[in-house]
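Novice: After the structure tokens below, expect a handful of questions from me.
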Amino acid sequence: MKGSKDIFPVRLGKLLLRGARIFDPVINLDKLADILIINGKIEKIENIQTSGFDGEVLECKGKVIIPGLI
């Protein structure tokens, strides 16, 4: 649309989604882990140490993250 703003702008910097249940049936993934996102791109899905982490941390305990759902 002409003149419209991006509804989902890319977030620059580092974001750590911590302690979520990550479920992706396409790659047979179902585990508790962290997701590291850098400049809008998923870089790692694993348990990540937060000591010395210089980005934003979002606690996701009790939440489920599934690709493609908003």
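Novice: Can you send over the carbon and sulfur percentage of the accessible area for the range 11-70, probe radius 1.4 Å, protein chains only?
Specialist: 54
Novice: Working with all protein chains in place, sort ILE27, ILE45 by solvent-accessible area computed with a 1.4 Å probe, largest first.
Specialist: The most accessible residue leads, giving ILE27, ILE45.
The values are calculated or read from the model by the stated rules, or taken from the named source; none is laboratory data. None of these values were measured; they are calculated from a predicted model. We work out accessible area using only protein heavy atoms, side chains counted, and drop any ligands, DNA or RNA first. Shrake-Rupley method; radii C 1.70, N 1.55, O 1.52, S 1.80 Å.
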